[in-house]
Structures are given as C-alpha cells and as structure tokens.
Amino acid sequence: GQLSMEYQTDTGTPVSIVLSPLEQASFPGSRKITGLGKVIDFNIMYKPEYQASAETIRCLEQEEVKWEMKEGCCFIWVVEGELLTSSGSCKAAELYVAESNERTTIHAMANSTIILIRLRRDILAGNN
C-alpha cells in the first residue's frame, strides 16, 4: 500500500507526502512525523558530516551486481529473495556490509529485491 506522511517545516508550513512501496523520503531525525498507512520503515541515520544514498534494485532473473567502494561503506538490505556473496548468503530481512576499499560482487537470485545504501564522509562538511 501507500504511506502518507505529514509534518511541518521549520517555518511552520504543513507538508504532506504520499509514498509508494520502497519509495524514499529524507528528513531530519528530530522532525515530528505523522504517518498514516500500514508500513515497515527502513531508517538510515547518520551524522551531518556524512552523505547517504539509497537505491532499490529489483532482480527478476539471477543477476550479478558489482561495485567498488573507494571510501565509506555500503550496506545491502535484502527485502525479498536471496544474495550470494563471497562470505556466504543473505536472505530476506538480513543485512550485508561491505567495507571501504573493497571491490564487491554479489549474485542476486531471481525475484530478489535489495536496498543498496552507500554511506561516505562529506569532505565539504568540514572536519567535525
């Protein structure tokens, strides 16, 4: 189903957002949010000096997914299906972590959905 989120901006302006399954929304963790709908949320919390990005990947057939992390780290949440990694397998509701300076290849089994999260320090944010 869908999720409706309502909150107020710092200036008091009301905001309403409707999200489809696996659609993303970003907001400060201190903001009071009211959610309407049946959902399981997935939160990425990090310090202001970091940047995070998330990508949903759906694999209808078995696929090989490759990436290289020169800095930061990468997390993969298995929404459904299964992944085969160099250290074993990850099934639905499990998390796989890849460290920085690591070239990573995973094999997503058919009918798998994963959320790929990249987290790295933002060099423009200063040395906090």
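The values are calculated or read from the model by the stated rules, or taken from the named source; none is laboratory data. As the structure is a prediction and not an experimental result, all values here were calculated from the model. Reconstructed Cβ throughout: ideal geometry from the backbone, glycine too, with neighbour counts over all protein chains shown. Heads up: the accessible areas ignore ligands, DNA and RNA and are worked out on the full protein's heavy atoms, side chains in. Shrake-Rupley method; radii C 1.70, N 1.55, O 1.52, S 1.80 Å.
For the reader, a short list of remarks on this structure follows.
- Scanning segment 98-116 for residues that are modelled with pLDDT of 90 or more and either farther than 16 Å from LYS66 by Cβ or part of a loop (DSSP other than H, G, I, E, B) (or both) yields MET109, ALA110, ASN111, THR113, ILE115.
- Which listed residue, of LYS32, LYS38, LYS47, is part of a loop (DSSP other than H, G, I, E, B), farther than 26 Å from GLU94 by Cα and open to solvent by 100 Å² or more (accessible area, probe 1.4 Å): LYS32
- For segment 77-90, taking the residues that are polar (S, T, N, Q) and in a strand (DSSP E or B), the one that is least open to solvent (accessible area, probe 1.4 Å) is identified as THR85.
- Lone unmet requirement of (1) farther than 19 Å from PRO21 by Cβ; (2) at pLDDT 80 or above; (3) loosely packed, with under 12 Cβ neighbours inside 10 Å for ALA93: (1)
- Test result for GLU6, at negative phi and not in a strand (DSSP E or B): no
- Single residue of segment 64-76 satisfying the filter (more than 23 Å from PRO48 (Cβ to Cβ) and either among the hydrophobic types (A, V, I, L, M, F, W, C) or in a loop (DSSP other than H, G, I, E, B) (or both)) that is least open to solvent (accessible area, probe 1.4 Å): ILE76
- SER53 falls short on exactly one of the conditions (1) open to solvent by less than 80 Å² (accessible area, probe 1.4 Å); (2) modelled with pLDDT under 85; (3) not in a loop (DSSP other than H, G, I, E, B), and that condition is (2).
- Segment 9-29, subset open to solvent by less than 60 Å² (accessible area, probe 1.4 Å) and outside any strand (DSSP E or B), residue modelled with the highest pLDDT: GLY12
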